[in-house]
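Engineer: The structure that follows is given in the form of structure tokens.
The values are calculated or read from the model by the stated rules, or taken from the named source; none is laboratory data. Computed from a predicted model, the values in this text were never measured in an experiment. Methodologically, a virtual Cβ is constructed for each residue, glycine included, from the backbone with ideal geometry; neighbour enumeration extends over all protein chains shown. Note: areas computed on protein heavy atoms with side chains; ligands, DNA, RNA excluded. Shrake-Rupley method; radii C 1.70, N 1.55, O 1.52, S 1.80 Å.
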Amino acid sequence: MNGRMIFYVDMYFILNFILNLFFALMTAMLRQKRWRLLRFLSMALLMAAFSSLIIVWIRSFAAILELCRLIFFCPAFFGRGSKRDWCKDTGTLLGISFFTGGTLLGIRSLLEQFRFKQFGHSFFFLLVGMISLLFLFLLFRFEILKQAKLQKNVLHAKIVHHDMEEEILVLCDTGNQLISPYTGENVLIISQKLADRIALTQGRNPILIPYHSIGAQGFLKAYRVDRLCLEGGSAKEHILAAVSCELCTRDNIDMIINGFEL
């Protein structure tokens with residue numbers, strides 16, 4: 001035994017390939033980039049071969065060559081783009097790299113404290129760790145897209161009734177198929193809190209609108225609202241709105257509309 005550490009080029013190549021593919025996929029997901037699997041696989045292989053070549057034969061210039069690899073990493077996977085896109089892609093890549101490296105090091109340190117030192121340095125550990133991080137990034141991306149979709153479908157509006165005005169948030173939901181069986185018009189859904197603020201139900205007889213949903217059915221009390229003005233100047237008068245105590249108040253949504261022609 002001479003105390004020298006054995007370096008396995010084949011293992012280094014495989015791990016580098018997995019990391020390159022992982023970082024490229026995560027960058028594409030978070031930046032919402034279009035990507036092709038064949039290109040990603042081929043670029044990940046080339047990058048892994050390049051890094052392995054640096055480690056084995058060109059160690060004296062390893063730092064400079066690895067910096068060049070970082071500069072050309074995103075254009076290699078996503079194609080040429082503007083300088084602004086390159087900065088955003090590379091910044092996202094670096095953030096993912098630091099987060100992944102820090103997380104894996106933290107998990108390995110935790111395993112070593114519990115005397116699982118051999119497992120903490122194994123190929124299996126790295127593979128399972130990256131699969132777990134991939135799952136977390138997918139959940140994160142799903143939440144981002146969900147919030148972006150919600151933001152896109154939420155409009156600012158003003159409701160006017162009995163000389164009272166309220167600034168509200170309106171959700172455009174295609175799943176709202178509530179229609180009056182008497183007049184055939186679309187029925188909006190208004191929260192109980194907003195109905196109370198504009199005194200919608202005071203001194204008025206409601207119109208009962210039948211509804212059907214998953215696991216429930218019944219009638220909603222509907223009333224005429226004097227005026228609704230959406231952002232952009234669109235407006236409609238004497239609309240029919242059904243009061244719902246179960247309207248989701250998350251993100252301060254006060255009203256749900258669908259098929260509302262203004």
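Engineer: May I ask you to list pairs of residues, at least six apart or on different chains, whose Cβ atoms are under 7 Å apart, with the first in the stretch 13-36 being in a loop (DSSP other than H, G, I, E, B) and the second being open to solvent by 50 Å² or more (accessible area, probe 1.4 Å)?
Structural biologist: Going by the 7 Å Cβ cut-off, the qualifying pairs are Arg31/Lys88.
Engineer: With the requirement that a residue be surrounded by fewer than 19 Cβ atoms within 10 Å (Cβ to Cβ) and closer than 14 Å to Glu167 by Cβ, what does the stretch 225-246 give you?
Structural biologist: Once the filter is applied, which keeps residues that are surrounded by fewer than 19 Cβ atoms within 10 Å (Cβ to Cβ) and closer than 14 Å to Glu167 by Cβ, the stretch 225-246 yields Arg227, Cys229, Leu230, Glu231.
Engineer: Taking the options Arg80, Arg84, name whichever one is loosely packed, with under 14 Cβ neighbours inside 10 Å, within 18 Å of Thr27 (Cβ to Cβ) and modelled with pLDDT of 80 or more. Step through it out loud before you land on a result.
Structural biologist: Working: Arg80 fails: modelled with pLDDT of 80 or more.
So the residue among Arg80, Arg84 that is loosely packed, with under 14 Cβ neighbours inside 10 Å, within 18 Å of Thr27 (Cβ to Cβ) and modelled with pLDDT of 80 or more is Arg84.
Engineer: Sticking with this structure for a sec: Among the residues that make up the stretch 115-135, is at least one of them touching a Ser or Thr at 6+ places or on another chain (Cβ under 9 Å), hydrophobic (A, V, I, L, M, F, W, C) and modelled with pLDDT of 85 or more?
Structural biologist: No, the stretch 115-135 contains no residue that is touching a Ser or Thr at 6+ places or on another chain (Cβ under 9 Å), hydrophobic (A, V, I, L, M, F, W, C) and modelled with pLDDT of 85 or more.
Engineer: For the stretch 184-242, which residues satisfy the criterion of being of a type in the set (S, T, N, Q) and at pLDDT 90 or above? Write out each step before concluding.
Structural biologist: As a first pass, look at the stretch 184-242 and keep what is of a type in the set (S, T, N, Q): 186, 191-192, 201-202, 205, 213, 217, 234.
Of everything in the stretch 184-242, nothing turns out to be of a type in the set (S, T, N, Q) and at pLDDT 90 or above.
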